[in-house]
Every structure is written in C-alpha cells, then in structure tokens.
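Notes follow the structure.
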Amino acid sequence: MKALVLTGLKQLEVQDYDKPEVKPNEVLIHTAWAGICGTDKALYGGLPGSADAVPPIVLGHENSGVVTAVGSEVENFKVGDRVSVDPNIYCHKCQYCRSSRPELCEHLDAVGVTRDGGFEEYFTAPEEVVYHIPDNVSLEAAAVIEPISCAEHGVDLLETHPYQKALIIGDGFEGQLIAQILKSRGVHEVTLAGSNDDKLENNKKHFGFKTINNVKHPEEVKADSYDIVVEAVGLPQTQEQAVEAASRGGQVLMFGVGNPDSTFKVNTYKVFQKQLKIQGTFINPYTFEDSIALLQSGAVDPLPLISHVLDFDHVEDFVSGKLKGVSKAIVKVAGEEA
C-alpha cells in the first residue's frame, strides 16, 4: 500500500508500506479522507503536537474510513462499518486520567503522531477510539470530526449564555468551527476576526457571522467589548488583543497554539479590574460523540470551509507553507469509495 512517511525534519516521502496487521483490540481501517492541520505543519517542522512525533512516522490524526478487519477482542465494530477515529489514546492509569482530566495524560499516545495515522491507505486504531458515523454524515465531513472535537472541548470550558457577544480572533479552520459551535450554543452575536477577506466573506455568506479584518482594520476590534473572546491564532499580538477586547466579567479562551518559546504581555491590573477568566484548552477529551451529533443535526457544517483537496504528492506543499490561502485542506485517499 502507499503511505506518506515523515522520514526526518521537513522530509516527507511517498513509500510502499506493508498493510498493518490488526491486534486483538484493534480495527483495521481503509482510509477514505485525512485532514491536514497546523499540528501537521508543526510536526513536519520538528515541533511537538499533542506529543512528539519521532520519524519515521505516518502522520494524519484527522481521518475517516471503512473497517476492513477487526481483532479478536473487538465487540462493537464489523467489516464495512463507516468510522472516524479520535487520535488520542489515554493510559487510564496516571493521576490525570484517574481524576477525570485525561487530556493531561502523562503517557498520551496518538494516532498520526506517536503511531502511524491516516496518511496511508490502511491504518489501525484501538477499538476504544473508533466511532461509528451516521448515515447522513459523509466520510469527507467525518474526516474533520477531530478538529470539531477540539473546538467543542474549548467551548465546553466556557460558560455560554444567549445574551453574550463573542469574538473569535483567527480565521483558521478551528476559529471558523468555534464560531459555528458558539452560535449553536445560542450566543446571539458572533464576530469572526481574521486576515483573509475570502474566508471572512465565506463565513458571512454561509453562517451570517459579523466579520472584521483585524490586520487591515485593527481599530474595529473594540476594547472591553466582548463577553467571550477566543484567541485562535497563537501569536503574542493577538493574545494581547484578546485580553484587551474582553469586557468586564469576560472570558478569554487561549485556543491558538503558540511557539513553545513565545510569551505575551498582560496588564495584571486589567485582569483584576475586569475580573477576567483566562482559560487554556488542550486537545479533545471525550468530545467525539458531541461533535458527531453536531454534524448529524447540521448545527456545524465544515464542508463550506474545505478549500483544498490534495493527494499524497501535494501534502508537503501545505505543511511547508508553499500552498497559500488555505481555509482547510484534506487528503483524498480512497474518498467515498473506501
């Protein structure tokens, strides 16, 4: 079978791989679609994701496909089932797992990060992280359940009410998803701020969000104006902007993944005086079921956000930064025929 292998720092190669053998507690999946995200860019560049990726490794932690074999201990899946996979595999033994904080697991394993993932024609995953896909959800949409689940976890950490005004700073895929999820929670006014006019217009057209180009018009992001501010960029200047934009009693969700060495300045008196809540968020503990429900009901629709469909030969164009203007890129492995 064909696999796209990270062989070293900033090195991706299409190779012939043996089809993996399924272990007793695993399922073997024929990959249909695999999403590509900023984490893959980071891993390609030698930075950590949810864990470190040690080459040679097959990336691809966002994926969907069809079950083609099941291990002897598997109970809930059969050949032919349409599925998506939560990449994060918890140890269930450390202090964090045993105190209902599995996202902080000390021994986190992850499909497409620490073990081979969806950038290959067939991959395996433990039964515990595999999820059935409803009939009315396409395999293409199912490939991005993982980023939806990360956005869902972030929003879960917020206290949401219909009266609130929310600002999302960052028009990447996750920022766009968070805007939809906040709207689904009943937040009456959602504004998406970003730098790409095409993305902003697309979100205004499809979802009715207010939009701001905060690079061309930073003055339009008013200070002390939003009950909820989500920073979905990961840069010091937008992190500082997020704190400034929050109103009294506001909540700031730091969702964007910054460089491990980056810092930002915060006025501690304003945190005190505005009684701000500043919250980090990491991965997606047990939010797959909710995310599937959001797709099934139509409350979240990722398909208008997918701008590029690639094959293995062109994934490096994205992760290297050569491919510009991407809202969301996915890899067609077998497509809906998986």
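Worth a mention:
- Only one of the numbered conditions (1) within 30 Å of D109 (Cβ to Cβ); (2) open to solvent by less than 80 Å² (accessible area, probe 1.4 Å) is violated by D261, and that is (2).
- Qualifying residue in the stretch 49-58 (condition: farther than 23 Å from P147 by Cβ, at pLDDT 95 or above, in a loop (DSSP other than H, G, I, E, B) and in contact with a His (Cβ under 8 Å, 6 or more places away or on another chain)): no
- The sole residue among S297, S307, S327 that is more than 15 Å from the chain's Cα centre (by Cα), small (G, A, S) and under 21 Å from G175 (Cβ atoms) is S307.
- S262 being touching an Asp or Glu at 6+ places or on another chain (Cβ under 7 Å) and closer than 24 Å to A51 by Cβ: no
- Set side by side, the residues G208, G256, G250 differ, and just one is touching a strand residue (DSSP E or B) at 6+ places or on another chain (Cβ under 6 Å), over 28 Å from P48 (Cβ atoms) and at pLDDT 95 or above, which is G250.
- Members of the stretch 233-255 found to be outside any helix (DSSP H, G or I), open to solvent by less than 20 Å² (accessible area, probe 1.4 Å) and either of a type in the set (D, E, K, R) or closer than 24 Å to G325 by Cα (or both), listed by number: G234
- Condition check for Y269: at pLDDT 95 or above and at positive phi: no
- Any chance K270 is of a type outside the set (S, T, Y), without any contact (Cβ under 8 Å) to a residue 12 or more places away in the chain and open to solvent by 20 Å² or more (accessible area, probe 1.4 Å): no
- Close pairs (9 angstrom Cβ cut-off, 6 or more residues apart or separate chains): on the phi > 0 side of the Ramachandran plot in the stretch 205-222, open to solvent by 80 Å² or more (accessible area, probe 1.4 Å) and among the basic types (K, R) anywhere: G208/K183
- Among strands (runs of 3 or more DSSP E) entirely within the stretch 102-193, having at least 1 residues that are out of contact with any Lys or Arg (no Cβ under 7 Å at 6 or more places or on another chain) and aromatic (F, W, Y) singles out 122-126, 130-132.
- Just so you know, in the stretch 277-314 the residues that are without any contact (Cβ under 8 Å) to a residue 24 or more places away in the chain and of a type in the set (A, V, I, L, M, F, W, C) include one that is least open to solvent (accessible area, probe 1.4 Å), and it is A293.
- Residue tally, condition open to solvent by 60 Å² or more (accessible area, probe 1.4 Å) and not acidic (D, E), over the stretch 49-81: 6
- Complete set of residues in the stretch 190-212 that are open to solvent by 40 Å² or more (accessible area, probe 1.4 Å) and either in contact with a Cys (Cβ under 8 Å, 6 or more places away or on another chain) or closer than 18 Å to G154 by Cα (or both): none
- Check on E159, open to solvent by 10 Å² or more (accessible area, probe 1.4 Å) and more than 30 Å from K222 (Cβ to Cβ): no
- Given (1) touching a Gly at 6+ places or on another chain (Cβ under 8 Å); (2) buried (at least 18 other Cβ atoms within 10 Å of the Cβ); (3) among the acidic types (D, E), index of the condition E152 fails: (1)
- Single residue of N63, N76 found to be part of a strand (DSSP E or B) and in contact with a helix residue (DSSP H, G or I) (Cβ under 9 Å, 6 or more places away or on another chain): N63
- Figure legend. Inter-residue proximity from the stretch 180-191: first residues modelled with pLDDT under 95, second residues open to solvent by 40 Å² or more (accessible area, probe 1.4 Å), beta-carbon distance below 8 Å, spacing 6+ or different chains. No pairs are indicated.
The values are calculated or read from the model by the stated rules, or taken from the named source; none is laboratory data. In this text, all values refer to a predicted model and were calculated from it rather than measured experimentally. FYI the Cβ positions are ideal-geometry reconstructions off the backbone, even for glycines, and counts take in every protein chain you see. Please note that ligands, DNA and RNA were not included when accessible areas were found on the heavy atoms of the full protein model with its side chains. Shrake-Rupley method; radii C 1.70, N 1.55, O 1.52, S 1.80 Å.
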